[in-house]
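Some notes on the structure that comes next.
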Amino acid sequence: MEIVIGIVGLLIGAAIMWYFAVQAANSRYKQIVSDAEKDSEVILKNKLVEAKEETLQMKSEAEKQINSKTSRIQATENKLKQREMTLNQRQEELNKKRSETDSIRSNLDNQLN
């Protein structure tokens, strides 16, 4: 009878130890999952920050290129306007000279006739 009580005591003790071992394993599992979730959130936030920084850097670079091209276009437009003004002035001068030449020719023709 004492042996049976001893065996039952051992079985109850083993069952209690098994229960606490399972509880400890579940607690450790939950802690590992919680830590993994926190780590993944931190990694995700860091990656989002990196992506935003990269996007801002790319935007800044694109804006620099656009500004550079815009400046070159404006400079070219200014040169073209200057050339156009110069050509217009030359055209006006040529028209004046042509008019003067025609006037002189007309006067000479009148004097000869």
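The values are calculated or read from the model by the stated rules, or taken from the named source; none is laboratory data. The structure presented is a predicted model; accordingly, all values stated were derived computationally and were not measured. As a convention, Cβ positions derive from the backbone with ideal geometry for all residues, glycine included, and neighbour counts pool all protein chains shown.
Data table
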{"item": "From the options 51, 21, 36, residue that is modelled with pLDDT under 95, in a helix (DSSP H, G or I) and of a type in the set (Gly, Ala, Ser)", "result": "21"}
{"item": "Matching residues in segment 1-14 - criterion: being part of a helix (DSSP H, G or I), among the aliphatic types (A, V, I, L, M) and either surrounded by fewer than 10 Cβ atoms within 10 Å (Cβ to Cβ) or in contact with an Asp or Glu (Cβ under 7 Å, 6 or more places away or on another chain) (or both)", "result": "3, 4, 5"}
